[in-house]
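Asks: Quick one: the structure is below, and I'll ask about it shortly.
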Amino acid sequence: MELASYLAGERWSDHPACTHPLLAALARLVNDNTGDASRAKLVHLVPSIIGLASDDLRVDAHIALRCATTALPVAAAERQLALAVSVLAAEEMLARLDGAPSGRLSERSRLAMEEVPHAAEQARRFSRAARITQKGFRRYAAPNAVQLAVVGIVQACIQNPDALLRGLLEETISDCEALIRGQDTEITATPAPAHA
C-alpha cells in the first residue's frame with residue numbers, strides 16, 4: 001500500500017486515498033500474512049489498486065462477501081459461524097441497497113453456505129434476530145469479515161494458503177474494478193480449492 005501511495009503521487013502511507021479503505025485493509029492483511037516468497041508475487045498487483053476508491057457501500061459489501069465466501073469452505077469450524085453470518089450480512093446489505101427482497105443469496109454465497117450446513121443454519125437463526133445499520137456494516141461488519149477471512153485462510157488446513165490469499169486479493173481487485181470503474185465485467189464466483 002505504501003508503494004501504491006507513492007505511485008499515485010500521494011504522501012508515503014499504507015492508507016492511501018487512491019484505494020478503497022477496505023480493499024487497502026485486505027491488501028495489508030494479505031501482505032502481512034503471506035510468506036516472503038509469495039509476497040514478491042503481490043507487487044504486480046499494486047498498479048491495479050490505484051484509483052479504486054469509492055464511498056458506495058456496495059463496494060464494502062462486495063469486498064466482505066468475496067472474503068467471507070472464499071474463506072468459509074476452508075476455515076476451521078470455530079470460524080465458520082462468524083463467516084456465515086458475514087455472508088448473510090453482506091447479502092442483506094446488498095439487497096437493501098438494491099431495493100431487492102431480503103433473504104436472497106447470490107450463487108457464490110449459496111455454494112459457500114452449502115459447504116457448511118450446520119454453520120449456515122446457525123447463522124440464519126442468528127441473522128433473523130439482528131439488523132445491522134449501514135454505518136455499523138461499514139464500520140464493523142465488513143472489516144470484521146475481511147479480518148476473519150484472512151485469519152481463517154491462514155489457519156486453514158490447506159496445502160497453499162498463500163495462493164488462496166493471493167487469489168482472494170486478485171478477485172477482490174477485479175470485483176472493485178467492475179464496481180468502481182463501471183466495467184461490464186460480471187462479478188463471478190471462483191470455486192474454492194478442494195479441502196486438503
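The values are calculated or read from the model by the stated rules, or taken from the named source; none is laboratory data. Nothing here was measured: the structure is a model prediction, and the numbers come from that model. Using ideal geometry, Cβ is built from the backbone for each residue, glycine included, and neighbour counts are taken over all protein chains shown. These accessible areas exclude ligands, DNA and RNA; they are computed on the full protein's heavy atoms, side chains included. Shrake-Rupley method; radii C 1.70, N 1.55, O 1.52, S 1.80 Å.
Asks: Let me know the Kirkwood hydrodynamic radius for segment 42-138, please, with Cα pairs as the basis and the value in Å to one decimal. Spell out each step's value before the answer.
Replies: On the way: mean 1/r = 0.0706 Å⁻¹.
When all Cα pairs of segment 42-138 are included, the Kirkwood radius is 14.2 Å.
Asks: Using the Cα centre of segment 66-158 as the reference point, and only Cβ charges (+1 on K/R, -1 on D/E), how large is the resulting charge dipole? Debye, rounded to the nearest 20.
Replies: Values: 13 positive and 8 negative charges, 84 e Å.
Once rounded to the nearest 20, the dipole reads 400 debye.
Asks: For segment 53-157, report the accessible area per residue in Å² (1.4 Å probe, heavy atoms, rounded to an integer). Intermediate values should be presented prior to the final figure.
Replies: Details: 4980 Å² over 105 residues.
Heavy-atom accessible area per residue stands at 47 Å².
Asks: Does a label point 7 Å from the Cα of Arg128, set along Cα-to-beta-carbon, have any residues of segment 58-83 with amide nitrogen under 20 Å, and which are they?
Replies: What the label zone holds, given the 20 Å backbone N cut-off, is 81-83.
Asks: What list of ³J(HN,Hα) values in whole Hz, one per residue of segment 146-155 in order, does the Karplus curve 6.51 cos²θ - 1.76 cosθ + 1.60 (θ = phi - 60°) give from phi, with Gly and Pro shown as x?
Replies: 5, 4, 4, 5, 5, 4, x, 6, 4, 8
Asks: Taking the Cα centre of segment 54-101 as the origin, how large is its charge dipole in debye, to the nearest 20, when only Lys and Arg (+1) and Asp and Glu (-1) carry charge on their Cβ atoms?
Replies: Numbers: 4 positive and 7 negative charges, 32 e Å.
Charge dipole, segment 54-101, about its Cα centre: 160 debye, nearest 20.
Asks: Here's something else I'd like to know. Name the residues whose placed amide hydrogens come within less than 5 Å of the amide hydrogen of Leu52, ignoring near sequence neighbours (fewer than 5 apart) on the same chain.
Replies: So Leu52 has HN proximity to His20.
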